[in-house]
Each structure stands twice: as structure tokens, then as C-alpha cells.
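The next block holds one structure in the form of C-alpha cells; read it before the comments.
The values are calculated or read from the model by the stated rules, or taken from the named source; none is laboratory data. Being a predicted model, the structure only gives us computed values, none of them experimental. Glycine also receives a Cβ, built like all others from the backbone with ideal geometry; neighbour counts cover every protein chain displayed. Surface accessibility is based on the protein's heavy atoms, side chains included, excluding ligands, DNA and RNA. Shrake-Rupley method; radii C 1.70, N 1.55, O 1.52, S 1.80 Å.
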Amino acid sequence: MYVSERFLKYVSFDTQSDSNSHEIPSTPGQRTLAEALAQELKGLGIGDAHCDQFGCVYGHIPPSQGCTRPGLALIAHMDTAMEMSGASIRPRIVKNYDGGAIVLNEEKNIVTRPEDFPSLKAHIGQDLIVTDGTTLLGADDKAGVAEIMTLAQFLMENPDFPHPPVRIL
């Protein structure tokens, strides 16, 4: 699975945080995503993958044959900001971004303009994943999770690729 496919799958989970909750994780959606990630890791062949009582996901990939380098820990979080809904995310891919304004939501006149976000110019010609402007994608966290899971898949499918032990957290 490509990293973008994973990311689009993960944003479908409502993991909005709740500061009024006395539970860990603070919402059921966070637990649901954590359990799905643990199952995905198991499906990749990571036998010790699990989700603990706090919704933290763990797994271990042994080093490649003969690798004696120190281990590597890969860490990301799954919760999204409290300030905006994490439900009913409507992402879309802007193919081959042309450098112009991106209309996120025509009905609500939500537009991302390069004048307001000059860093967009650095991504001309690339595919961009955007929301409709009414929800968060959770890109700071779910993109990181998607990268980690894609690397885990690669290492499990390519056991001879040189790598130290990898801990997924």
C-alpha cells in the first residue's frame, strides 16, 4: 500500500482529542485507530504488535542479518486537535498542483491561496492532499503514522535490506 493510500485511510478515523475526558486515550476514535494499526502491523508479520490499555501501539522489527547498529525508534501520535472536527473528513488529491489557488470548499468560499501560503510554490507539479476546509486532515500526525507503517511494510517485505532493529511506537 502506498503512503498516500494509508494516509487517506487513517484520516477516515475521527481521532479528535477531548480535553474534558478523564480517559486515556481521550476519545473512542483514538482507541479504534490504535487497534486498527496494531492489527495492520500484525498483518505485516510483526508478531509482537499490540495496543496497550492507553491506546499506544507497539511493535518490533528485528535487525537485518548481520546488522549490529543501534536501534531506531519511530514515534508518531494519532490524536487530532480539539479545535476542529475530526469526523466526516473529505480529503481529495490535487493532482499535479499548478501553483494557483486551491478551492477547498466552493460553497463556503474556503480557498487556499499561494499569497497567503507562499510555501505552496515549492510544491508545484506535486500531488497535494487537502481537506474541504471544514475539518482537519490531521496531517501532522496521521501522515507520520502512514510513513511509519509504510516503512514497516517495506522492511518486512525486504528482510535483506540493511537496517537496525526498529521499534514502532
- Item | Unique match (being surrounded by 11 or more Cβ atoms within 10 Å (Cβ to Cβ) and farther than 30 Å from Glu35 by Cβ) among His123, His77 | His123
- Taking first residues from the stretch 101-116 that are within 16 Å of Leu137 (Cα to Cα) and second residues anywhere that are at pLDDT 95 or above and part of a loop (DSSP other than H, G, I, E, B), the pairs with Cβ under 6 Å that are 6 or more apart or on different chains are Val111/Ala101
- Task: Looking at (1) under 21 Å from Phe7 (Cα atoms); (2) open to solvent by 80 Å² or more (accessible area, probe 1.4 Å); (3) in contact (Cβ under 8 Å) with a residue 40 or more places away in the chain, find the lone condition where Pro162 falls short.
- Result: (1)
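Filter the stretch 97-106 down to the residues that are open to solvent by 100 Å² or more (accessible area, probe 1.4 Å) and at pLDDT 95 or above and list them by number.
Restricting attention to the stretch 97-106, the residues satisfying the condition of being open to solvent by 100 Å² or more (accessible area, probe 1.4 Å) are 98, 106.
The answer is Asp98, and nothing else.
To keep it simple, each residue is scored yes or no on (1) at positive phi; (2) without any contact (Cβ under 8 Å) to a residue 40 or more places away in the chain; (3) in contact with a strand residue (DSSP E or B) (Cβ under 9 Å, 6 or more places away or on another chain).
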{"residue": "Thr15", "(1), (2), (3)": "no, no, yes"}
{"residue": "Ser19", "(1), (2), (3)": "no, no, no"}
{"residue": "Pro25", "(1), (2), (3)": "no, no, no"}
{"residue": "Thr32", "(1), (2), (3)": "no, yes, no"}
{"residue": "Asp48", "(1), (2), (3)": "no, yes, yes"}
- Message: Test of understanding: among Ala73, Ala87, Ala139, which residue is small (Gly, Ala, Ser), within 19 Å of His163 (Cβ to Cβ) and within 20 Å of the chain's Cα centre (by Cα)?
- Response: Ala73
- Applying the selection to the stretch 82-125, what residues are in a loop (DSSP other than H, G, I, E, B), among the aliphatic types (A, V, I, L, M) and in contact with a strand residue (DSSP E or B) (Cβ under 6 Å, 6 or more places away or on another chain)? Ala101
- Item | Residue count, the stretch 1-27 (criterion: over 11 Å from Met78 (Cβ atoms), polar (S, T, N, Q), assigned to a loop (DSSP other than H, G, I, E, B) and under 13 Å from the mean Cα position of the chain (by Cα)) | 1
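Among the residues of the stretch 126-143, what is the count of those that are in a helix (DSSP H, G or I) and either acidic (Asp, Glu) or surrounded by fewer than 18 Cβ atoms within 10 Å (Cβ to Cβ) (or both)? Break it down stepwise before answering.
Going residue by residue through the stretch 126-143, those that are in a helix (DSSP H, G or I) are 139-143.
Narrowing the set further to residues that are either acidic (Asp, Glu) or surrounded by fewer than 18 Cβ atoms within 10 Å (Cβ to Cβ) (or both) leaves 139-141.
So the count comes out to 3.
Which residues, taken from the stretch 42-74, are part of a helix (DSSP H, G or I) and open to solvent by 80 Å² or more (accessible area, probe 1.4 Å)? Let's see the steps before the verdict.
So the first thing to find is which residues in the stretch 42-74 are part of a helix (DSSP H, G or I), and the list is 42-43.
Lys42, the sole residue that qualifies.
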- Note on the structure: Considering the stretch 1-41, residues that are hydrophobic (A, V, I, L, M, F, W, C) and open to solvent by 20 Å² or more (accessible area, probe 1.4 Å), and then whichever is modelled with the highest pLDDT, we arrive at Ala36
